[in-house]
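**Q** Following this message is one structure expressed as structure tokens.
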Amino acid sequence: MHLKMTSRLLAAAFLSLVAGCQGEPAQSPEGSQSATLSAKGDCVQRFEGITNCAKGNASLSASEKGVAVAGLKDLKTDGVSSTFNDAITWSQDAQVRVGSITGGFALSARDGDQVVSTLRITPGKDRQVSVTPGFTGSPSGAYRMNIYNNGELVGTSSEPQARIIIFYSWWAFLDWYYTHWDFFSVRAPRGGSTSLDGACGWRLRVADTTFRVKLADGKEVVGDTAEFIEEIGDGAYPYRHFSGIDVNASATDFLVTGESFGQEK
């Protein structure tokens with residue numbers, strides 16, 4: 001079964017993240033552990049096959065527009081947790097406004113209670129955005145960053161564990177943005193093999209907006225999509241499915257307008 005979502009027309013900006021997973025984590029990156037779900041039992045089932053629950057001080061309310069998430073004050077504890085069965089892909093559309101330079105987002109991909117990959121996004125002054133991927137599948141935690149512009153690969157570089165990537169001239173933290181998060185697990189094609197089979201990856205995109213970023217060799221490129229793919233180490237054990245995504249935030253507005261997941265065919 002493969003579930004698909006009907007997306008809203010994204011008029012302002014489009015942010016896409018993707019992650020896939022390999023390896024059993026010895027420990028989770030700092031701040032990546034799933035926070036305690038709301039004691040109020042604040043859960044809704046607005047999107048097919050997915051249960052959304054509030055985390056920390058957050059609260060949820062469902063309507064025809066989607067699931068509104070309020071009370072997002074602490075990036076470490078407050079957010080919305082999505083749970084589903086045996087997924088290899090996940091997508092979520094949301095309308096967000098950070099509202100403060102101290103705000104931001106922290107995403108965690110889970111296999112049960114284990115956090116297998118994270119991504120922290122913090123907007124700053126002068127339309128700068130700091131992005132920190134985290135991978136737990138191999139001891140090195142290294143990843144490859146790929147930059148695309150209009151679908152064309154314009155730059156690639158290998159990055160060390162937990163390196164903070166600075167994107168310039170991207171999105172302003174006070175504005176409304178229409179975001180799209182994705183998560184996937186890389187699969188080898190049938191009858192073939194790939195060194196990325198079971199790897200984690202995140203992807204970001206803001207519609208109709210380009211950014212500038214420096215690669216590891218110092219070269220600066222312009223793109224509209226950034227991709228972070230885990231570099232798998234020897235002895236890693238691949239996760240074949242995942243069961244949840246947590247989106248923590250410190251933001252003034254967060255409305256989930258669409259969400260779906262896909263299973264292996």
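The values are calculated or read from the model by the stated rules, or taken from the named source; none is laboratory data. Everything numeric in this text was worked out from a predicted model, so none of it was measured. Cβ sites come from the backbone with ideal geometry, for glycine too, and all protein chains shown count toward neighbours. Note: accessible area is taken over every heavy atom of the protein model, side chains too, but ligands, DNA and RNA are not part of it. Shrake-Rupley method; radii C 1.70, N 1.55, O 1.52, S 1.80 Å.
**Q** Are any residues in region 163-202 modelled with pLDDT of 80 or more, in contact with an Asp or Glu (Cβ under 9 Å, 6 or more places away or on another chain) and open to solvent by 50 Å² or more (accessible area, probe 1.4 Å), and if so, which ones?
**A** Selection gives Y168 alone.
**Q** Residues that are modelled with pLDDT of 95 or more: list the strands (runs of 3 or more DSSP E) wholly contained in region 204-247 that include at least 3 such residues.
**A** Of the strands (runs of 3 or more DSSP E) lying wholly inside region 204-247, those with at least 3 residues that are modelled with pLDDT of 95 or more span 211-214, 220-223.
**Q** All but one of (1) out of contact with any Asp or Glu (no Cβ under 9 Å at 6 or more places or on another chain); (2) at pLDDT below 90 hold for T136; state the number of the condition that does not hold.
**A** (1)
**Q** Moving on. Out of everything in region 68-84 that is more than 18 Å from the chain's Cα centre (by Cα) and assigned to a strand (DSSP E or B), what residue ends up being nearest to N52 (Cα to Cα)?
**A** Result: A68.
**Q** Do you know which of the residues in region 131-158 that are open to solvent by 40 Å² or more (accessible area, probe 1.4 Å) and of a type in the set (S, T, Y) is farthest from V206 (Cα to Cα)?
**A** S140
**Q** Follow-up question, since we're still on this one. Any residue in region 250-265 that's outside any strand (DSSP E or B): show its pairings with residues that are surrounded by fewer than 22 Cβ atoms within 10 Å (Cβ to Cβ) and among the hydrophobic types (A, V, I, L, M, F, W, C) at Cβ separation under 8 Å, as long as the two are six or more apart or on different chains.
**A** Q263/M1; Q263/L3; Q263/I88; E264/I88
Matching residues to (1) over 21 Å from D42 (Cβ atoms); (2) surrounded by 22 or more Cβ atoms within 10 Å (Cβ to Cβ):
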site	(1), (2)
D74	no, no
A87	yes, yes
V98	yes, yes
G104	yes, no
D113	no, no
S117	yes, yes
K125	yes, no
Q128	yes, no
